[in-house]
Amino acid sequence: MLTGDNTEVASAVARNLGLTNWSARLLPEEKFERIRQLREAGHRVAMIGDGVNDAPALALADVGIAMGTGGSDVAIEAADVALAADNLEHVSIMIETSRRTIRLIRQNYHIAVGVNSIGVTAGLLGMLNPILAALFHNLSTILVVMNSTRLITYDPDAAVRAGRYESAPVSGDDHHGHHH
């Protein structure tokens, strides 16, 4: 954790989050430089900020998260994600919602490729007339839309409150991320 806050505040937040590696009283330029170094070392970096002076670091990070409605327009523009509330729990909610969405996208891709592959094979074997081929093709679209509707009823706040989100460090690889 890199912060411009004083050491006492940073220590309390780090302890709350279970972080052992943190730095306090950093200037915006120092945060930017540390993020650059981490990225050059091959790490994926998420940056949470709320002010004008956070904009360069938000833009440099792999994922920039602007927090708080008092956040400047510059910070919001530089960030990849803007969260209205000034609440770190919402970062967990955003991460879990993103992971769930990516899982659904991957499922949808497999559904579409699978159904269309069966349709193409059946068509090549002369088993489908044009009307059946069109219906079969639309079947994949219908299945993808039905699968996607699962996001409508998803309540990320409830999932976080129940502790059903991954508290592991955020990595870009979600292949072994399991939802309990």
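At-a-glance table
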{"quantity": "Gaussian network model of the chain, springs between alpha carbon atoms under 10 Å - residue of Val74, Val115, Val52 with greatest fluctuation", "calculated": "Val115"}
{"quantity": "Zero-based 10 Å bins, Cα pair distances in the chain, whole percents", "calculated": "9, 26, 28, 17, 11, 7, 2, 0"}
{"quantity": "Helical segments meeting 27 Å axial Cα length and Kyte-Doolittle 0.5 threshold in the chain (DSSP H)", "calculated": "130-148"}
{"quantity": "Net charge over other residues, Cβ less than 13 angstrom from the Cβ of Gly4 (K, R count +1; D, E count -1)", "calculated": "-2"}
{"quantity": "Translational D in µm²/s for segment 47-145 (Stokes-Einstein at 37 °C, 0.692 mPa s, Kirkwood Rh from C-alpha pairs)", "calculated": "200 µm²/s"}
{"quantity": "Distribution of pairwise C-alpha distances over segment 7-83, 5 Å bins, in %", "calculated": "3, 18, 23, 23, 23, 10, 1"}
{"quantity": "For Ser23, residues with placed amide H under 5 Å, excluding near neighbours", "calculated": "Leu2, Thr3"}
{"quantity": "The chain - charge dipole about Cα centre, Lys and Arg +1 at Cβ, Asp and Glu -1, debye rounded to 20", "calculated": "780 debye"}
{"quantity": "Selection from Met94, His137, Thr121, by position along the positive dipole direction of segment 89-161 (Cβ)", "calculated": "Thr121"}
{"quantity": "Dimensionless Rg over Rh [segment 71-125; C-alpha; Kirkwood]", "calculated": "1.34"}
{"quantity": "Debye intensity ratio in log₁₀ form over the Cα atoms of segment 89-161, taken at each q of 0.12 Å⁻¹", "calculated": "-0.46"}
{"quantity": "Theoretical FRET efficiency, 1/(1+(r/R0)^6), r = Cβ-Cβ of Arg44 and Asn138, R0 25 Å, to 0.05", "calculated": "0.05"}
{"quantity": "Cα-centre dipole for segment 89-161 with unit charges at Cβ (Lys and Arg positive, Asp and Glu negative), debye to 20", "calculated": "140 debye"}
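Only the coordinates and a few stated rules stand behind these numbers; no lab work does. Values in this document were obtained by computation on a predicted structure and should not be read as measured data. All Cβ positions, even for glycine, are placed from backbone atoms using ideal geometry, and neighbour counts span all protein chains on display.
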